[in-house]
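Take a look at the structure below.
The values are calculated or read from the model by the stated rules, or taken from the named source; none is laboratory data. The structure presented is a predicted model; accordingly, all values stated were derived computationally and were not measured. When we count neighbours, we look across all protein chains shown, and the Cβ atoms used for this are built from the backbone with ideal geometry, even at glycine. When the accessible area is computed, the model is the full protein with side chains, heavy atoms only, and any ligands, DNA or RNA have been set aside. Shrake-Rupley method; radii C 1.70, N 1.55, O 1.52, S 1.80 Å.
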Amino acid sequence: MDVYFMLLYCLPLFYFFLFLVKIIDRMRHQSCYILDYECYKPTDDRMLSTRFCGELIRRNKNLGLLEYKFLLKAIVSSGIGEQTYAPRMVFHNREECPTQDDGIEEMEEFFYDCIDKVLKRNGISPSEIDVLVVNISMLAAVPSLSARIVNHYKMRDNIKTYNLTGMGCSASLISVNIVQNIFKTQKNLYALVITSESLSPNWYPGNDRSMILANCLFRSGGCAILLTNKVALRNKAMFKLKCLVRTHHGARDEAYDCCIQKEDDQGRVGFHLGKNLPKAATRAFVDNLKEIAPKMLPIRELLRFTVVSFIWERMRSNTKDGSSSSSRPVINFKTGVDHFCIHTGGKAVIDGIGQSLNLTEYDLEPARMTLHRFGNTSASSLWYVLGYMEAKKRLKKGDRVFMISFGAGFKCNSCLWEVVRDVGGGNAWEDCINSYPPKTLTNPFLEMYGWLQNEDPDTFYVPEDFVIP
């Protein structure tokens with residue numbers, strides 16, 4: 001009888017113990033790690049010099065002096081340098097008549113360069129990849145771009161593929177989120193995320209200022225990211241995903257319309273950047289921070305901010321005009337974040353985030369230098385910023401990296417990574433990191449084309465050599 005009662009009591013405990021072991025084991029295999037990543041560096045024959053940019057603008061017969069002055073002001077204040085890259089068709093004088101093949105060739109040149117490097121470096125065969133996520137917002141092909149990669153590398157017939165379009169500059173974190181969710185349901189997987197943008201079929205040849213601005217900001221680039229949830233590889237991994245939050249304001253017309261692909265009055269397709277974009281970005285950013293802050297900041301900072309904010313509100317309500325002599329309390333994100341990986345949407349975007357989060361120039365340096373060296377490479381820009389931090393050997397074991405991205409929709413996506421081991425590779429920055437940061441970020445556009453500011457619209461003509469009037 002004693003044995004019987006012992007079994008009666010022990011069996012439930014045994015099953016409960018097995019249940020706990022199963023839950024713990026499942027949680028261990030749900031982690032999302034970055035094993036490696038490779039940012040694309042196009043060949044030097046695709047580099048946009050200041051002189052060639054002037055030639056490219058001069059070739060557009062739809063532009064006049066007012067548009068020239070607008071572009072000059074935009075480029076000078078953009079924060080972009082002379083070593084960014086453009087698609088090949090602009091060097092072949094075909095920006096007004098690109099073909100579908102131009103876009104596909106631009107993507108394949110990036111695909112095979114970065115995928116080859118990241119797989120070879122980690123000793124992984126293409127047949128070992130279980131999940132493939134490709135995000136190219138403004139190029140749709142049949143078969144899909146993900147299918148082209150599967151065909152080229154002869155991947156397994158049971159690989160899970162996802163081909164995302166229209167997601168904008170925040171697409172890479174959406175792709176990571178897809179992988180994260182798959183990792184929660186299956187063990188021991190390899191995933192490959194491919195993120196880029198195809199500029200070839202989307203170079204705007206018209207004169208609408210809200211659409212030609214995209215030509216000044218967007219540049220060619222891309223990144224291949226290798227992820228896994230294999231527990232055995234956690235010590236080999238570079239980063240571990242701690243949390244990820246996605247905010248979508250597409251239900252608000254003002255946010256939806258501020259960043260959209262459309263036709264101008266002459267039927268030319270371009271990417272419209274509206275005047276409401278800063279306001280839409282700010283609202284999405286604030287809502288995103290409200291959700292992710294409790295997930296990544298220590299409780300003591302959250303309590304401090306809550307108490308200080310309460311006191312500030314009471315002080316303001318006690319004044320006659322509802323104002324307060326002290327500034328609004330700011331939460332200190334540095335209590336839970338060591339590095340800030342900011343989307344390089346432009347100088348104004350970087351400045352705005354820096355001001356909102358009370359960041360120093362040291363914090364903003366990776367984003368500023370990435371914008372200067374590579375421009376806005378859309379969804380892949382975050383990884384160039386991360387690459388700069390790695391090349392500068394800033395990332396140490398235990399550090400936490402906060403990624404922030406914005407995209408059409410309007411969306412703001414962010415996530416927090418933990419550095420698993422000290423990392424210090426060169427990636428796309430290998431041959432130029434020692435020259436950054438430069439003594440000045442001033443580009444030579446104003447020096448070469450500043451004479452346009454003094455031209456009279458009635459007497460102006462476009463000279464053959466656009467640099468000298």
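Out of all the residues in region 143-168, which are in contact with a Leu (Cβ under 9 Å, 6 or more places away or on another chain) and open to solvent by 10 Å² or more (accessible area, probe 1.4 Å)?
V150, Y153, M155, I159, K160, T161, Y162, N163, T165
Looking at (1) open to solvent by less than 50 Å² (accessible area, probe 1.4 Å); (2) aliphatic (A, V, I, L, M); (3) closer than 30 Å to D36 by Cβ, can you tell me which one A232 breaks?
The one condition A232 does not meet is (1).
What number of residues within region 388-405 satisfy the criterion of being part of a strand (DSSP E or B) and open to solvent by 20 Å² or more (accessible area, probe 1.4 Å)?
1
Give the residue, chosen from E447, E418, that is part of a helix (DSSP H, G or I) and charged (D, E, K, R).
It is E447.
Looking only at region 222-239, decide whether some residue is assigned to a loop (DSSP other than H, G, I, E, B) and under 19 Å from the mean Cα position of the chain (by Cα).
Yes: region 222-239 contains one or more residues that are assigned to a loop (DSSP other than H, G, I, E, B) and under 19 Å from the mean Cα position of the chain (by Cα).
Here is a yes/no grid of residues against (1) β-branched (V, I, T); (2) crowded, with 24+ Cβ neighbours inside 10 Å; (3) out of contact with any strand residue (DSSP E or B) (no Cβ under 8 Å at 6 or more places or on another chain):
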{"position": "A191", "(1), (2), (3)": "no, yes, no"}
{"position": "T195", "(1), (2), (3)": "yes, yes, no"}
{"position": "G206", "(1), (2), (3)": "no, no, no"}
{"position": "A214", "(1), (2), (3)": "no, no, no"}
{"position": "C223", "(1), (2), (3)": "no, yes, no"}
{"position": "K236", "(1), (2), (3)": "no, no, no"}
{"position": "L241", "(1), (2), (3)": "no, no, no"}
{"position": "L244", "(1), (2), (3)": "no, no, no"}
{"position": "H249", "(1), (2), (3)": "no, no, no"}
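Name the single residue that is nearest to T185 (Cα to Cα) among those in region 125-152 being over 24 Å from the mean Cα position of the chain (by Cα) and of a type in the set (S, T, Y).
Only one residue tops the list, namely S127.
For region 115-142, name all the residues that are surrounded by fewer than 18 Cβ atoms within 10 Å (Cβ to Cβ), part of a loop (DSSP other than H, G, I, E, B) and at pLDDT 95 or above.
G123, I124, S125
Pairs under 6 Å by beta carbon, first residue without any contact (Cβ under 8 Å) to a residue 40 or more places away in the chain in region 420-441, partner surrounded by 14 or more Cβ atoms within 10 Å (Cβ to Cβ), six or more apart or different chains?
G425/E390; G426/A391
Read through the list (1) under 23 Å from the mean Cα position of the chain (by Cα); (2) open to solvent by 20 Å² or more (accessible area, probe 1.4 Å); (3) β-branched (V, I, T), then give the number of the only condition that I104 fails.
(2)
Within region 335-356, is even one residue of a type in the set (V, I, T) and farther than 30 Å from S196 by Cα?
Checked region 335-356: at least one residue is of a type in the set (V, I, T) and farther than 30 Å from S196 by Cα.
Which count do you get for residues in region 425-443 that are under 24 Å from S77 (Cα atoms), open to solvent by 20 Å² or more (accessible area, probe 1.4 Å) and in contact with an Asp or Glu (Cβ under 7 Å, 6 or more places away or on another chain)?
Qualifying residue count, region 425-443: 1.
Enumerate the pairs (first residue in region 152-175 and free of Cβ contacts under 8 Å to residues at least 12 places away in the same chain; second residue anywhere and open to solvent by less than 10 Å² (accessible area, probe 1.4 Å) and part of a strand (DSSP E or B)) with beta-carbon separation below 7 Å, excluding pairs fewer than 6 apart on the same chain, so at least 6 apart or on different chains.
none
Taking F410 as the residue in question, decide whether it is buried (at least 20 other Cβ atoms within 10 Å of the Cβ) and more than 12 Å from the chain's Cα centre (by Cα).
Judged against the criteria, F410 is a match.
Hey, among V385, V423, which residue is closer than 26 Å to R121 by Cα, at pLDDT 95 or above, of a type in the set (V, I, T) and not in a strand (DSSP E or B)?
V385
Report whether or not S78 is open to solvent by less than 60 Å² (accessible area, probe 1.4 Å), within 21 Å of G346 (Cα to Cα), modelled with pLDDT of 65 or more and polar (S, T, N, Q).
So S78 fits the description; yes.
Please verify whether region 296-308 includes one or more residues that are in contact with a Leu (Cβ under 8 Å, 6 or more places away or on another chain) and farther than 27 Å from S77 by Cβ.
yes
Looking only at strands (runs of 3 or more DSSP E) that lie completely in region 253-346, which have at least 2 residues being open to solvent by 40 Å² or more (accessible area, probe 1.4 Å)?
Result: 259-263.
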